[in-house]
Each structure stands twice: as C-alpha cells, then as structure tokens.
1. Which order, highest average first, do 577-587, 476-486 follow once you tally other Cβ atoms within 10 Å for each residue and take the mean per peptide?
2. Tell me the Rg and the Dmax, in Å, that the Cα atoms of segment 615-717 produce.
3. Could you tell me what % of all Cα pairs in segment 504-549 have separations over 15 Å?
4. Could you tell me, in Å, what Rg and Dmax come out for the Cα atoms of segment 540-584?
5. Expressed in nm to one decimal, what extension gain is obtained for the pair residue 93 and residue 668 from 0.36 nm per residue of sequence separation less their Cα-Cα distance?
6. For segment 118-168, just say rounded, prolate or oblate: build the C-alpha gyration tensor, square-root its eigenvalues into a ≥ b ≥ c, call rounded for a/c under 1.5, and beyond that prolate if a/b exceeds b/c, oblate if not.
7. Modelling each spin label as a point 7 Å along the Cα-to-Cβ direction, I'd like the residue 31/residue 72 distance in nm, to one decimal.
8. Semi-axes of the equivalent ellipsoid for segment 92-239, please: Cα gyration tensor eigenvalues, times 5, square-rooted, ordered largest first, whole Å.
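Readers should treat all values here as calculations from the given coordinates under stated rules, not as data from a laboratory. Since this is a predicted model, take the numbers as computed values, not measurements. Every residue, glycine as well, gets a Cβ built from its backbone with ideal geometry; the counts of neighbours run over all protein chains shown.
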C-alpha cells in the first residue's frame with residue numbers, strides 16, 4: 001500500500017506543475033497580445049496624429065497661400081483707411097495755423113510765445129517794470145504761466161517734421177527765461193512786503209502775518225518784528241522755529257507754487273551727464289583737457305548762480321541754456337547714425353509722428369535726444385552718475401502738488417514816512433537769506449525747524465507722500481535731512497522737521513497704478529467711445545468724442561475723486577498732462593519698464609494693434625485678455641466684440657495679432673492653457689480689420705468706414721499713451 005500512495009502524490013505534483021506552466025504560458029501569450037495591440041494602437045494613433053498634422057499643415061499652407069494671395073489687396077484697403085491718420089495730422093497743422101492767425105487778429109496785447117521777438121519784448125518790458133506789488137505780480141504771473149503752458153504744448157504737440165531743432169531750443173530758452181523772471185519778481189515782491197511789514201502787523205502778536213493766494217500760488221510771509229515769534233499755524237501752512245531764531249529779526253516765507261519749475265533742472269543736469277558720458281569714450285587726451293576746462297567754467301557759473309539755484313530757478317544768461325545747446329549739438333552729430341538705425345526697424349508704413357507720438361512727447365518733455373537713452377543702470381555702470389542713497393530718481397518718482405519754497409530771510413530796512421515823504425534804504429544785494437544753521441558754527445548742534453504743510457485738494461495721494469528737499473549743488477531732490485514725518489490723511493496735512501530751510505516737494509511713485517488690472521475700450525455712440533482702465537487703487541473712465549477726451553470719473557472704494565476735472569473736454573495731450581499733475585498716472589514713460597514688472601511687446605505688434613484698434617473703435621469693443629502675457633513679445637492677444645448698440649450684450653472672442661497677421665483663437669478666457677490654434681472655420685488675414693470683417697455684420701463695417709478721422713486719431717493717441725497691451 002505504501003508504494004501506491006507515493007505514486008499518487010507524485011502525480012498530483014506533476015499535475016500542479018503542468019497547470020502552472022499552462023497558466024504562465026497563457027499569461028505570456030496574453031501579455032504579448034496586449035503588447036501587440038498596444039503597439040498597433042500606438043502605431044494607429046501615431047498615424048492618425050501624422051495624418052492630422054499633415055491635414056493641418058496642408059490646411060495651414062492653403063490658408064497661408066490664400067493669405068498671401070489677398071495680402072496686397074488687403075493692405076491696400078487698410079492703407080486707404082490709414083489715410084485718416086494723415087487727415088488728422090493735416091487738421092492739426094491747419095488748426096495750429098488758424099490759432100496763430102486768430103491770435104494775430106485779436107490784437108489783445110499778449111505776445112505770441114512762438115515768435116522770438118514778441119516773447120523777448122515781453123520779458124524785457126516786465127524785467128524793467130519796477131512795480132513790486134504782490135497782487136500785480138500774481139496777475140502777471142498767471143499770464144506768464146499761460147505763455148509757458150503754450151510753449152510746452154507746442155513742444156509736445158508739434159511733430160518733429162514741423163519743428164526745427166533751432167525752434168525747439170528757442171522755445172526751451174523762452175520757458176527757462178520766463179520761469180527765472182517769474183521767481184525774481186516774487187523775490188522782489190517779498191522784499192517790498194518786508195519793507196512795509198508794519199502795515200501787516202497782527203494785533204495779538206505784533207508781528208507781520210500775510211497770506212495771499214490765487215489759483216497758482218499761495219504766498220505766506222511772517223516777520224518776527226517783536227523778537228518773540230517762535231510758532232505759527234495759519235490756515236494753509238505753519239512752522240515752529242528754534243529758540244535762537246525766535247530771538248532774531250527774521251522773516252519766514254513759504255511760497256507754494258502749484259507748478260514745478262525745479263524738477264526740470266534735474267533733467268537738464270542728467271542730460272549733460274549723459275552727453276559727457278557718451279563723449280568721454282572717444283575723447284583724446286587733448287579733448288579730455290578741454291572737457292576739464294569746460295567743467296571748471298560750468299562750476300564757476302553754477303557758483304555765480306547759486307542763489308537762483310537755491311530757489312529752484314535756472315540762472316540767466318548763457319549757462320542757463322547750456323544743456324539744450326550742447327544736447328542739440330550732440331543730436332546733430334548723431335543724426336546720421338540715428339537715421340540708419342531707424343531704417344533697420346520694422347515699423348508701420350506711416351509717418352514717424354503718426355506711428356508713435358508718445359515717444360516724441362517724452363523726448364520734448366525731457367529736452368534730450370532719444371538717441372542712446374541713458375537708463376538708470378547705464379548711468380551707474382558707465383560711471384557718469386554715482387549711485388547715491390537718498391537721491392530721488394525722477395523717472396521712478398514724481399513730485400505732486402507743486403513746490404514749497406521755504407526760506408528764512410533777513411529783514412530789510414523798513415520804509416520810513418516823514419511829512420509826506422517815503423524814504424527807503426536801497427540794498428545792492430536785494431533780498432538776502434538768513435543763514436541757518438550759522439556758517440561760523442557748522443560743527444555745533446542746532447535744533448531742527450518744524451514745518452507743517454496743508455496738502456492741495458487738487459491732487460490725489462494714493463499712499464503716504466514722501467518729503468524731499470532740493471539740493472542746488474547736485475541739482476536733484478534728496479530725502480535725507482528730513483525727519484519725524486507725520487502724515488494726517490483725513491486733514492490732508494503733513495508735518496516734518498528739517499535741519500535747514502530748503503525747497504521741498506511731496507513725492508509719489510510714478511508707477512503706483514501700473515500694471516493695470518484690466519482695461520476696456522467700447523463705443524458709446526457715433527464717433528464716441530469710453531476707455532476704462534482699472535488699477536489697484538482706482539477705476540478711471542475716459543470718454544472720447546471727436547478729437548477731444550473727458551475724464552468721467554476716478555472711482556475708488558471710498559469716493560469719486562478729481563471732481564474739479566471731470567466733465568471738461570480736453571485734447572488727449574492736455575488730459576494726459578492734467579491727470580499726471582493730479583497724481584493719477586496711467587501713462588508709462590520711456591523707462592517705465594525698468595520699474596514695472598511687464599513683458600514688453602515689439603513695436604510692430606503693439607503699435608500696429610493700437611492703430612487698427614483705433615480704426616475699428618467705432619463699432620467694436622476691445623478688452624484685456626489674460627493670455628496676452630503668455631503670447632510672447634512678438635504678438636498680442638486681446639478680446640474683441642462687435643458693439644453697435646451701447647446697451648447690447650457683449651460676446652467676446654480672442655484674437656492674436658503680430659503686426660503682419662491676425663487670427664481668431666479657439667481658446668477662451670476660461671481655457672486651461674494658451675494655444676494658438678485657430679477657431680474652426682476661420683482663416684488668417686494680413687490685418688485685424690479684415691479678420692474681424694469675416695465675422696462682423698454689414699452695419700458694423702459701414703460704421704467703421706464712416707468713422708471720423710479726428711475720433712480715430714484721439715483713440716489712437718490714448719491707446720499709445722496708456723499702452724494697455726504692455727502695462728496690463
């Protein structure tokens with residue numbers, strides 16, 4: 001029995017082994033089959049992918065060929081629309097000529113600031129006028145500011161093709177002379193008031209107190225006649241003096257000018273440094289010697305004009321125009337190379353002033369050439385300017401609310417009246433500053449002066465302003481030497497301490513409102529549109545009608561701001577200037593990309609988009625797309641919707657444009673990833689106009705054709721000024 005049991009057990013083992021082998025073989029066969037099926041499926045998918053790719057390539061090739069066939073005709077049709085920009089330029093030229101003729105016919109006695117003989121006669125006559133009455137000076141000052149504004153507008157609004165380099169220098173010189181003379185007249189009026197200080201005595205204190213103001217200037221003057229005044233707090237501004245000054249016959253003047261004639265001196269100094277830096281690379285030893293002599297002459301001239309510089313006004317004479325003349329010479333020398341560079345740029349087939357007037361405005365504002373621009377990094381690397389802490393970079397910060405000239409002055413001999421006669425002692429030096437701290441005790445410690453300023457109502461400070469003082473030696477604003485700053489937002493008041501009397505201003509970051517969170521441009525009527533720009537602090541609504549713009553509102557979470565500006569129709573250039581002065585800066589500068597985290601777009605794509613958006617703005621709405629950041633520097637992406645009726649619902653579609661070709665995208669704002677895949681049943685077009693024409697109604701295209709050239713130009717200027725496709 002025993003052997004039989006062993007045979008049965010052995011058989012079972014053999015059976016299990018065979019079963020195991022069978023199952024293993026089946027598993028291997030199954031895996032091989034799955035692998036074959038997977039390989040076959042992969043081959044089929046690859047074949048399908050290749051076929052799809054082939055079909056897509058064939059379709060793209062057909063679309064490309066079709067686009068090339070009609071490219072010439074489409075560009076010709078676009079060119080006919082682009083002539084509206086040229087019509088706008090011609091209209092502006094005619095308007096400037098008509099305004100000049102109207103001024104000539106008016107014979108109102110006011111000079112034409114563009115005519116050198118007239119403006120020089122005006123300046124000479126006022127310089128010789130010895131009437132120092134403060135009210136008359138303020139009235140005349142308003143006329144002077146109007147003349148300065150006209151000259152600045154000429155520099156901003158006139159295309160380079162219509163203004164020679166000589167004329168531009170002439171206008172800049174006239175501006176500087178008018179600014180200089182205006183401040184001299186305020187100094188003369190101050191001296192006259194101090195001579196008659198007894199007429200302005202305050203009965204409780206026995207000291208002089210005078211506050212005179214108009215829309216441009218607040219003139220505050222206090223004189224310590226009793227040697228007891230130490231603290232004053234008026235309706236506008238106030239101060240607290242150290243005890244040593246309270247026991248002296250000293251006057252304190254706070255001259256608040258709502259305009260800024262000081263900061264342009266920084267631009268002039270910077271332009272000179274840029275010029276010297278570019279020229280120093282090619283100087284021979286002999287030329288280096290000549291530069292040293294020139295710098296020595298400049299230093300001597302600056303010392304002679306130190307009093308004027310302390311007041312923030314350029315000195316008279318040859319040196320006050322040094323920067324503009326030297327810059328113009330440098331511009332002439334580099335003109336040929338600049339023209340060669342411009343030829344190499346891919347730009348639109350339009351006049352330069354039509355392509356990018358914004359850049360020309362920045363050139364004229366700064367008084368420097370765009371050739372070889374001096375960036376902050378280049379200044380530091382090139383060694384032309386030493387990077388110094390506390391020195392304000394006016395490309396990053398902007399003075400708001402004007403300038404406060406805070407001076408301690410020596411009391412002049414008072415006027416004496418005897419038996420109908422008025423006797424006054426005439427001093428050769430005129431108005432003299434009272435030194436504090438005293439020069440003979442520089443090493444001693446002197447208590448600071450406390451100043452309280454009332455902030456102007458016409459300016460918006462989105463964040464606490466920074467107090468800066470003017471350094472006449474370095475020709476720049478500085479933030480050191482100022483301590484214990486207290487800002488009372490509700491009272492619109494700021495208090496701080498200074499070691500000496502200085503010209504001060506309040507600064508704000510020029511790029512607080514950049515990058516924009518959103519923007520939208522939509523038509524609201526015949527030759528009317530609304531541009532809405534949303535920033536981190538406010539939403540700005542700008543209406544466009546014909547050739548003018550109007551600020552509708554500056555809405556924040558708390559209230560609407562700048563009510564004094566809203567509702568006033570201005571030119572695009574005028575509105576830009578008003579908003580920047582009011583602290584609502586949505587207009588990037590030439591170097592703003594150094595201070596704002598943005599992805600720059602090439603001019604061909606960005607400027608071309610603005611141009612065609614303006615042509616279509618009468619019938620289509622445009623808005624920001626989040627995919628614009630993902631599209632790369634050579635193309636832009638934005639939302640478009642036909643918008644014939646103002647109250648119609650908007651169905652947005654996404655479009656991509658690179659300056660040479662436009663296409664409708666398949667993706668939406670809610671898609672998971674960016675893709676350049678075309679919308680089904682859509683094609684390429686050489687222009688955005690023809691791309692939208694494929695999907696637009698006949699009424700929309702007719703409305704585009706009827707749009708006024710003045711309206712198109714105004715939209716284009718605003719888009720260029722805000723640069724919504726880069727700074728959002």
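1. 577-587, 476-486
2. When restricted to Cα atoms, segment 615-717 yields Rg and Dmax of 13.7, 41 Å.
3. The proportion of pairs with Cα distances above 15 Å equals 54 percent.
4. 10.1, 32
5. So the extension gain works out to 202.6 nm.
6. Because a/c hits 1.5 or more and a/b fails to exceed b/c, segment 118-168 counts as oblate.
7. It is 6.6 nm.
8. For segment 92-239, the ellipsoid semi-axes come out as 40, 15, 13 Å.
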